[in-house]
Structure formats: C-alpha cells, structure tokens
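Structure first, commentary second.
The values are calculated or read from the model by the stated rules, or taken from the named source; none is laboratory data. Fair warning: this is a prediction, and the values are worked out from it, not measured in the lab. All Cβ positions, glycine included, derive from the backbone under ideal geometry; neighbour counts span all protein chains shown.
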Amino acid sequence: MNAAPSPSGADHPRTTISAQASIAIDAWAWGLADGSLRLWQLPDAINTLWGVAYEQGRRSRDTEVQLLKLDADRLWLRAFVDNDRQQYLLDRLDQAADLANRPDVDDVLDEAWQIYLASLDNIREPIRLTSTQDTRKEVA
C-alpha cells in the first residue's frame, strides 16, 4: 500500500528539463527581474507557472501581513492621547450602530456588533457594510 505524497512534495522526484530550456527560463526570470522583458512576452506555460507561484507566494505571507497590519493599527491608536483614542473608538462604534440601524437590517444589535468587529481589522478605514451585505436581494 503506497502512502499519499507528502504536502511538501519531498517524496516527489525532481523534475528535469534540458540545459537549453534551463538557460532560457533563467534568462526569462532575470529579464523579468531587470525589466528588460515583460510577462506577456513569455510562453503561456511560463505565464501560468509565474501566476501560480506569485499567488502562492502572496498567500503564504497573508497571516504575517495581517498580524503586521493589526500591530501597525494598534501602535497608531496608541499614538492618540487617552481621551482622543477613547472618543475615536466610541465614534466608530456609533458609526457601526448607525449602519446597522437601517430598515433592511433584521437584527440590529447583532449586525452592529458584526460590523464593528469587522472594522477592527481596518481601524483607520471608514466603517461600511461589506459587499455581501450591500447586495441583499428581496425574496418573495
């Protein structure tokens, strides 16, 4: 019975290509890096590989970016004097309650709390309904 491949791919054989292909791909990579080559100029398969690698690399940093953003917001809030910080946070809570007090919101307190909690991830941005909340449809 064969075990499933490990997620790291460590048990997969190394893929090999010809020396000529290796030189070409290496030249394309450096051309992209120094700006002498544009992605659209490369073969579709290389474009696909680049797109997948770019997206995986970006996603691999999402948690770190989110934590750094929260830390930056925390430090930004700490720069306020105590009374100003308190007033800023109370104003944001009021703004969330105002949004949730709309006639199309079923459970005002629950909605206000959800909007306020969601706003904590972007403390410097205005509080607004998320796109899914903006696109509600009437059901007969």
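When you look at ALA100, is it surrounded by fewer than 10 Cβ atoms within 10 Å (Cβ to Cβ), closer than 23 Å to ALA118 by Cα, assigned by TED's automatic domain parsing to the domain that holds ILE123 and of a type in the set (Gly, Ala, Ser), yes or no? Talk me through it step by step, then tell me what you get.
Numbers: surrounded by fewer than 10 Cβ atoms within 10 Å (Cβ to Cβ): no; closer than 23 Å to ALA118 by Cα: yes; assigned by TED's automatic domain parsing to the domain that holds ILE123: yes; of a type in the set (Gly, Ala, Ser): yes.
Against the criterion (surrounded by fewer than 10 Cβ atoms within 10 Å (Cβ to Cβ), closer than 23 Å to ALA118 by Cα, assigned by TED's automatic domain parsing to the domain that holds ILE123 and of a type in the set (Gly, Ala, Ser)), ALA100 does not qualify.
Since PHE80 meets every condition but one in (1) surrounded by 10 or more Cβ atoms within 10 Å (Cβ to Cβ); (2) in a helix (DSSP H, G or I), which condition does it not meet?
(2)
Whether any residue in segment 49-68 is surrounded by 13 or more Cβ atoms within 10 Å (Cβ to Cβ) and under 17 Å from ARG124 (Cα atoms) is what I want to check. Lay out the reasoning, then the answer.
Of the residues in segment 49-68, the ones surrounded by 13 or more Cβ atoms within 10 Å (Cβ to Cβ) are 49-50.
Right, trim to under 17 Å from ARG124 (Cα atoms) and you get none.
For segment 49-68, residues surrounded by 13 or more Cβ atoms within 10 Å (Cβ to Cβ) and under 17 Å from ARG124 (Cα atoms): absent.
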